[in-house]
Amino acid sequence: MEAFSAKAAFRLLLTLLLPPLASCSLNYAQNQPESSSSPEFTLRTASFFRYEDNAISFSLDSPRIEQYSSPSVTFVEDAVFASYSRDGVVETKGRCSLLGISQPDSLQDESELTFYGDVFLEQLEDGLTLEGDALKWHTGTGRVAAPAEGVVTLTKGDLTLEGEGFSAQEKGTAFSFASNVSGFIITADDGEGAAE
């Protein structure tokens, strides 16, 4: 099996999604209680574009984004995002019903991106897709994981695997499923069609 190369997708999500959202932070802490259940600010019908060297590198669309100050977390509703090559070609794209971004309280903590509901990530160059109900990415360790009973479907070319307890390292070439794994490879059968 070819090397697992979803690492670029996850690395791009971290480096491109967190800075635009984190840089919008406003400081209303003077008159706020220590912990608040109300968002610090809400953006409606939001579109973010990140440019590097005069070329688009990331886009994010959402009908609603809420940022909370205590704890520092941002929620992106119905997130649709894409990262682009230097030539402006889409490299990675994805969507989810809700994206939660927890920001670290100190420089030593790691951020977490949690994708909820109809999660779809696709790395176009490698033809790799991940689909599931929930995925969490720990930015400091580079670990990507689904809940123990969360079903994830991984597709790459003619290979499709589905299982519970998906886990992968962003910088590694391996991934695993904890249980209930099934899959198939579609191959041409003498040009007559596909065999499973």
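The values are calculated or read from the model by the stated rules, or taken from the named source; none is laboratory data. Because the structure is a prediction, the values reported are computed rather than measured. Here Cβ is always computed from backbone atoms with ideal geometry, including for glycine, and neighbour counts include all displayed protein chains. Protein only, heavy atoms only, side chains kept; ligands, DNA and RNA dropped before computing areas. Shrake-Rupley method; radii C 1.70, N 1.55, O 1.52, S 1.80 Å.
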Considering the range 73-85, residues that are open to solvent by 40 Å² or more (accessible area, probe 1.4 Å) and over 18 Å from PRO39 (Cα atoms), and then whichever is modelled with the highest pLDDT, we arrive at VAL80
Within the range 151-165, of all residues that are touching a Gly at 6+ places or on another chain (Cβ under 7 Å) and crowded, with 18+ Cβ neighbours inside 10 Å, the one nearest to SER85 (Cα to Cα) is LYS156
Given the conditions (1) within 19 Å of LEU113 (Cβ to Cβ); (2) open to solvent by less than 70 Å² (accessible area, probe 1.4 Å); (3) of a type outside the set (D, E, K, R), every one holds for GLN169 apart from (2)
Whether any residue in the range 134-143 is open to solvent by 10 Å² or more (accessible area, probe 1.4 Å), within 13 Å of the chain's Cα centre (by Cα), more than 23 Å from SER176 (Cβ to Cβ) and of a type in the set (D, E, K, R) is what I want to check. no
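Tally time: how many residues in the range 95-131 are on the phi > 0 side of the Ramachandran plot and open to solvent by less than 40 Å² (accessible area, probe 1.4 Å)?
Our first condition is that a residue be on the phi > 0 side of the Ramachandran plot; within the range 95-131, this holds for 117-118, 127.
Next, from what is left, pick out any that are open to solvent by less than 40 Å² (accessible area, probe 1.4 Å): 117, 127.
Adding up the residues that qualify gives 2.
Kindly indicate whether PHE75 is touching a residue at least 60 places away in the same chain (Cβ under 8 Å), under 24 Å from GLU40 (Cα atoms) and of a type in the set (Phe, Trp, Tyr).
Details: touching a residue at least 60 places away in the same chain (Cβ under 8 Å): no; under 24 Å from GLU40 (Cα atoms): yes; of a type in the set (Phe, Trp, Tyr): yes.
No, not satisfied.
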Counting only residues in the range 51-72 that are in contact with a strand residue (DSSP E or B) (Cβ under 8 Å, 6 or more places away or on another chain) and buried (at least 18 other Cβ atoms within 10 Å of the Cβ), the one farthest from LEU124 (Cα to Cα) is identified as TYR68
